[in-house]
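These notes concern the structure reproduced below.
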Ligand SMILES: Cc1cc2nc3c(=O)[nH]c(=O)nc-3n(C[C@H](O)[C@H](O)[C@H](O)COP(=O)(O)O)c2cc1C
């Protein structure tokens with residue numbers, strides 16, 4: 001199975017992606033940028049530009065993602081990204097559920113009106129020569145909405161369709177709506193990629209098992225996109241690639257013991273991210289803000305270290321932060 005690193009705004013920028021590539025690359029074949037929203041006549045923000053610069057993304061396959069409801073804006077930004085930076089595949093965000101995005105009709109709000117979605121895709125595909133993929137949810141409020149949305153997608157030559165099978169109002173919680181994913185997987189002629197709630201081998205195998213048993217020829221999707229699960233445990237793609245998804249009942253036993261991240265790897269991973277942020281950020285506050293955001297996820301790997309994690313959260317100075325981190329991730 002191939003794995004993709006999902007875009008997570010505020011986390012999976014080039015610094016994080018490069019650290020994943022350096023220490024936990026096994027199994028990951030594609031990385032997606034967090035969304036870039038076109039700004040009329042004003043070009044990309046400096047940090048967005050820095051995030052896609054080829055020199056900041058050496059040795060990794062990066063797909064820039066655009067968030068817009070306007071075909072012309074998509075075309076001009078994607079063309080610029082292609083001409084200035086050499087990318088030939090662009091992803092359209094049709095899934096972001098955040099209010100600040102959906103109140104402007106973007107992200108998951110594109111799904112509220114399949115005819116408007118159709119016009120948007122028509123405007124894009126009739127003029128663009130780039131490879132275009134879509135990352136989508138399955139509706140705004142209800143799974144019933146997915147039928148007409150899927151019919152729209154099926155009309156276009158998407159390079160792939162990545163589905164997080166939840167509605168906008170589901171946010172990031174509640175049951176995954178597997179039937180909707182399976183329907184798309186069975187009906188689409190372009191590759192359909194699964195994304196959602198894979199946090200460990202068991203989740204992965206359960207989901208793959210459901211998909212496989214629901215298709216006549218027992219097929220699996222060509223790739224799975226990992227989001228929060230990989231931020232919780234950066235070795236997740238490696239763990240999943242090393243387990244044999246055919247051996248469902250022996251899930252845990254079939255995984256080699258060395259697939260989880262070691263403390264030494266985590267320490268090196270952390271330090272790489274810390275040093276890279278330190279170079280570009282001015283002062284302790286923004287640096288610690290970024291690092292603490294990461295610990296909000298990675299802290300789950302240390303369930304017995306609540307006090308040490310609290311010291312990380314409370315640190316306001318770089319030195320205190322590093323002392324707290326070293327108490328969890330010592331140098332060997
Ligand atoms: C903090 C955060 C930021 C996200 N930012 C983006 C984004 O910029 N673009 C996007 O398509 N999805 C974004 N997502 C959604 C994820 O890419 C992914 O689809 C979602 O987390 C479900 O996958 P998971 O269960 O593996 O995490 C974000 C999710 C989170 C939690």
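None of the figures in this text is laboratory data; all of them are computed from the coordinates on show. Since the model is a prediction, treat every value here as computed from it, not as a measurement. Backbone-built Cβ (ideal geometry, glycine too); neighbour counts: all protein chains shown.
Relative to the longest principal axis of the Cα atoms of the chain, helix 14-24 runs at roughly 70 degrees.
Note on residue 98/residue 127: beta-carbon distance plugged into 1/(1 + (r/R0)^6) with R0 of 22 Å gives a FRET efficiency of 0.15. Give me Rg over Rh for the chain, both radii from the alpha carbons and Rh done the Kirkwood way, two decimal places. My calculation of the ratio gives 0.97. Listed peptides 44-56, 20-32 appear in the order 20-32, 44-56 once ranked by packing, highest mean of other Cβ atoms within 10 Å at the front.
The peptide list 191-199, 67-75, put in order of mean Cβ contacts within 10 Å with the highest first, becomes 191-199, 67-75.
Simple spin-label estimate for residue 39 and residue 88 gives 3.1 nm between the two label positions (7 Å along the Cα-to-Cβ direction from each Cα). Computed extension length for residue 314-residue 331: 3.9 nm, one decimal, from 0.36 nm per residue of separation with the Cα-Cα distance subtracted. Ranked by the mean number of other Cβ atoms within 10 Å per residue, highest first, peptides 161-168, 201-208, 140-147 order as 161-168, 201-208, 140-147.
Once the Cα atoms of helix 71-85 and of the chain are each reduced to a long axis, what angle between those two axes, in degrees from 0 to 90 to the nearest 10, is obtained? Helix 71-85 sits at roughly 50 degrees to that axis. Shown is the FRET efficiency for residue 72 and residue 188, computed with R0 = 25 Å from the Cβ-Cβ distance and rounded to the nearest 0.05: 0.40.
In a fully extended conformation the segment linking residue 155 and residue 116 would gain 12.7 nm over its present Cα-Cα distance, using 0.36 nm per residue. The smallest convex shape that holds all Cα atoms of the range 43-199, its convex hull, gives 126 Å³ per residue. If one takes the longest principal axis of the Cα atoms in the chain, at what angle in degrees, from 0 to 90 and to the nearest 10, does the Cα axis of helix 263-280 lie? Helix 263-280 sits at roughly 70 degrees to that axis. When the P(r) of the range 263-328 is calculated, the portion above 18 Å amounts to 27% of the C-alpha pairs.
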